[in-house]
1. Given the structure, is Asp24 modelled with pLDDT of 95 or more and loosely packed, with under 14 Cβ neighbours inside 10 Å?
2. Any residue in the stretch 84-109 that's closer than 13 Å to Pro22 by Cβ: show its pairings with residues that are of a type in the set (Gly, Ala, Ser) and part of a helix (DSSP H, G or I) at Cβ separation under 6 Å, as long as the two are six or more apart or on different chains.
3. Helices (runs of 4 or more DSSP H) wholly in the stretch 26-102 with at least 3 residues that are away from the ligand (no atom under 12 Å from the Cβ), more than 11 Å from the chain's Cα centre (by Cα) and not small (Gly, Ala, Ser) - which ones?
4. Consider Val116 against the criteria (1) under 8 Å from the mean Cα position of the chain (by Cα); (2) farther than 21 Å from Thr44 by Cα: it satisfies all of them except one. Which criterion is unmet?
Amino acid sequence: MTTTQVLRAGRRTGPAYGLALPFDLTGAPSARDLANGDWRLDATCRGRDHEWWFAKPTSARSRRAVRLCEACPVRQQCLAAGLLFGEEFGVWGGLTHIQRRPLIARLLTGVPLATVLATVLGEQHLVKVEAA
Ligand code: SF4
């Protein structure tokens, strides 16, 4: 199944936050923690004009949003949520939907989410996740 087919199947079966894609979450934030959204309380975009994050990816507003994401304290959780729940639109964790697509394809091959997050964000941005 292609990434597009997986995402479309998700759309048919339920809301984004009710349907986590089948990723290896070893060492990554849990689907429950990502879905409950408490991490958004510390988001840099909180209280700002969200249209920046959903503007055309090549626009000045979108580039401004991406720059703000780079210093966001919850960037890891945001990117993880955007990937895990197959968000098709907007900037999540500083990446546009176009940039996230190849990551989702990689995750669907079984590469752990924690590995992809580390590759994209660098180890220094990662919050240590304790083993359950
Ligand atoms: S990484 Fe960007 S989109 Fe995500 S919570 Fe932070 S500022 Fe908002």
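1. Judged against the criteria, Asp24 is not a match.
2. Short answer, once both residue conditions are applied: Phe85/Ala16; Gly86/Gly10.
3. On the way: elements: 31-36, 60-70, 75-84.
In the stretch 26-102, the matching helices (runs of 4 or more DSSP H) lie at 31-36.
4. (1)
The values are calculated or read from the model by the stated rules, or taken from the named source; none is laboratory data. The shown structure was predicted, so the numbers you read here are calculated from the model rather than taken from an experiment. Note: ideal-geometry Cβ built from the backbone for every residue, glycine included; neighbour counts use all protein chains shown.
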